[in-house]
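For reference, the structure is listed below as structure tokens.
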Amino acid sequence: MATITAATSRIGIQCNFEPLKHHNFNSCIKFSLSIPSISSPNFSFHKLSLHTMPANSFRANASSAIDAPSEELEASSRGGIGANDMLIVGPGVLGRLVAERWREEYPGCQIFGQTMTTDHHDELIKMGISPSSRETKFTSKFPYVIYCAPPSRTEDYPGDVRDAALKWSGEGSFLFTSSSAPYDCSDNGSIDEDGPIVPIGRSPRTDILLKAEEVVLEFGGCVVRLAGTLDIRPDHILNLIHYEDAASLSVTILKKRVRSRIFLGCDNHPLSRQELMDLVNKSGKFEKKFEGFTGTSGPLGKKLNNSKTRAELGWEPKYPSFAQFLGVSD
């Protein structure tokens, strides 16, 4: 399985294209291809290979955040928090890829993962990520913090982001992975890092993100707005970024240690939904074929361009376009 993503409210349009498995499209779309709903999909295209690390590579004084959420934790195996240690708030697909890349850059570092539930703590431990909960109190602050959790599971998203910022030492970097939703464009027009922003009060969805971003910038942290969209009409423009590229971009920003900046993450090859599905059909990689869309109304999208981000950071994606990823011509 492989993953390409376009953020919904966070990382979002992630669609799983898995031959011989059956998923459901939203009822407004007529299909015969096995992929999940466009409105809340899970775009999956690369084989996720997160190497297993020793479970004892990270330790804490408390036995776990599950048993003792109020206990103070500290990295006893290294005598405290090290200069390259990291806290990942929301260690899902993106967070785990960031952990993998960070480990490659700093082999001796400790990585902690803060979760809303304990459902995946065993998985994190096997990957060498020390799990904790939001209530866990650490004895030291972290030089590197990245916030990857979506707003869907909390009533106070900006407040949660502030709590994460308070766990940052002010050294290293603090990065918030946002969405491109705040860019004010719905006519398939072009937008770059400096594009106009949706005014506060117009949309509850963008209000939450903008207020969270404001918290991050106040603390001196950085924001990366990752490509994303919703809606279902076939001419609606999609902006994509591969999960691995989203992770490598995040790590690049963290390593730069810049302050109070907003960056943009996308592949610079926007596609309409129809163009995307035409490429899927053209690839011949799936037994079933997508037949067509039935939705014709709703807002259009935006064409994102992050050339400024690339130039400033010296970053380029591993997967420059969806077509190239599939191995077909545009």
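Values for this structure:
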quantity: Residue that is surrounded by the fewest Cβ atoms within 10 Å (Cβ to Cβ) [pool: residues in region 190-208 that are touching a residue at least 40 places away in the same chain (Cβ under 8 Å) and in contact with a helix residue (DSSP H, G or I) (Cβ under 7 Å, 6 or more places away or on another chain)]; calculated: 192
quantity: Leading residue by the ranking (nearest to residue 236 (Cα to Cα)) among those in region 300-322 that are in a loop (DSSP other than H, G, I, E, B) and small (Gly, Ala, Ser); calculated: 301
quantity: Residue count, region 221-242 (criterion: at pLDDT 90 or above and either out of contact with any helix residue (DSSP H, G or I) (no Cβ under 9 Å at 6 or more places or on another chain) or polar (S, T, N, Q) (or both)); calculated: 1
quantity: Filter result for residue 77 (surrounded by fewer than 21 Cβ atoms within 10 Å (Cβ to Cβ) and either modelled with pLDDT of 50 or more or not in a loop (DSSP other than H, G, I, E, B) (or both)); calculated: yes
quantity: Hits in region 138-156 (condition: more than 11 Å from residue 114 (Cα to Cα) and touching a strand residue (DSSP E or B) at 6+ places or on another chain (Cβ under 9 Å)); calculated: 138, 139, 140, 141, 142, 143, 144
quantity: Residue match in region 257-271 (condition: closer than 23 Å to residue 327 by Cβ and more than 19 Å from the chain's Cα centre (by Cα)); calculated: yes
quantity: Some residue of region 280-300 being among the hydrophobic types (A, V, I, L, M, F, W, C) and either open to solvent by 40 Å² or more (accessible area, probe 1.4 Å) or under 19 Å from the mean Cα position of the chain (by Cα) (or both); calculated: yes
quantity: Hey, residue 253 of a type outside the set (D, E, K, R), modelled with pLDDT of 95 or more, open to solvent by 30 Å² or more (accessible area, probe 1.4 Å) and in contact with a strand residue (DSSP E or B) (Cβ under 6 Å, 6 or more places away or on another chain) or not; calculated: no
quantity: Those residues of region 261-299 which are closer than 30 Å to residue 217 by Cβ and part of a strand (DSSP E or B), in sequence order; calculated: 262, 263, 264, 265
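Rundown of residues vs (1) modelled with pLDDT under 95; (2) open to solvent by less than 20 Å² (accessible area, probe 1.4 Å); (3) under 26 Å from residue 268 (Cα atoms), yes/no style:
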| residue | (1), (2), (3) |
| --- | --- |
| 109 | no, yes, no |
| 116 | yes, no, no |
| 121 | no, yes, no |
| 144 | no, yes, no |
| 171 | no, no, no |
| 178 | no, yes, yes |
| 188 | yes, no, yes |
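Matching residues to (1) over 27 Å from residue 240 (Cβ atoms); (2) of a type in the set (Gly, Ala, Ser); (3) buried (at least 23 other Cβ atoms within 10 Å of the Cβ):
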| residue | (1), (2), (3) |
| --- | --- |
| 151 | no, no, no |
| 154 | no, no, no |
| 162 | yes, no, no |
| 211 | no, no, no |
| 216 | no, no, yes |
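The values are calculated or read from the model by the stated rules, or taken from the named source; none is laboratory data. Model, not experiment: these values are computed from the prediction. Methodologically, a virtual Cβ is constructed for each residue, glycine included, from the backbone with ideal geometry; neighbour enumeration extends over all protein chains shown. Please note that ligands, DNA and RNA were not included when accessible areas were found on the heavy atoms of the full protein model with its side chains. Shrake-Rupley method; radii C 1.70, N 1.55, O 1.52, S 1.80 Å.
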